[in-house]
1. Considering only segment 39-49, how many residues are more than 15 Å from the ligand (Cβ to nearest atom) and over 14 Å from Asp27 (Cα atoms)?
2. I'd like to know if segment 28-50 contains one or more residues that are touching a residue at least 40 places away in the same chain (Cβ under 8 Å) and among the aliphatic types (A, V, I, L, M).
3. It is to be established whether one or more residues within segment 12-22 are loosely packed, with under 14 Cβ neighbours inside 10 Å, over 22 Å from the mean Cα position of the chain (by Cα) and small (Gly, Ala, Ser).
4. Just checking, does segment 50-68 include any residue being part of a helix (DSSP H, G or I) and more than 13 Å from the ligand (Cβ to nearest atom)?
Amino acid sequence: MAEFKISRQEIISLCRLCLAKDLASIDIFETGSETRQLFTKIVACLPVQIMTDDSLPKKICEVCNSKVDDFYQFWTSTAKNQKQLNDWLQIATTDSIKTDTTQIKVEADDTRQGEEYDDYDDGD
Ligand SMILES: [Zn+2]
């Protein structure tokens, strides 16, 4: 059984999410003009706990960055769609009752009016 050796420095240089070596270039806690909100996205979508003061890598690679972006986009879209479905359900219930009643009324009124006008014309 081969002995596995790794230094703390080596660990720190790995991608926090996929452990890729020498590819981690994006700071999880990066705060710049272009805010990636990486930390928020990772915490929301992945079972990974990250603290500013833990001893684990604070960077991720480009591949993981785009995956996290995709995950977060999917996460937010499912949350939005859930709300949309509930909104539609409320509209759908109200609509089906309204539409049925209106259609029956309009059809009945049209028939009656037509007959009445015909009667008046015949009488004169
Ligand atoms: Zn990675």
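Just so it is clear, none of the values below were taken in a lab; they were calculated from the coordinates. Computed from a predicted model, the values in this text were never measured in an experiment. Counting neighbours? That spans all protein chains shown, and the Cβs are built from the backbone with ideal geometry, glycine included.
1. Residues that pass the stated criteria total 4.
2. Looking through segment 28-50, none of the residues is touching a residue at least 40 places away in the same chain (Cβ under 8 Å) and among the aliphatic types (A, V, I, L, M).
3. The answer is no; no qualifying residue exists.
4. To start, the set of residues in segment 50-68 that are part of a helix (DSSP H, G or I) comprises 62-68.
Within this subset, residues satisfying the condition of being more than 13 Å from the ligand (Cβ to nearest atom) are none.
No, segment 50-68 has no match at all.
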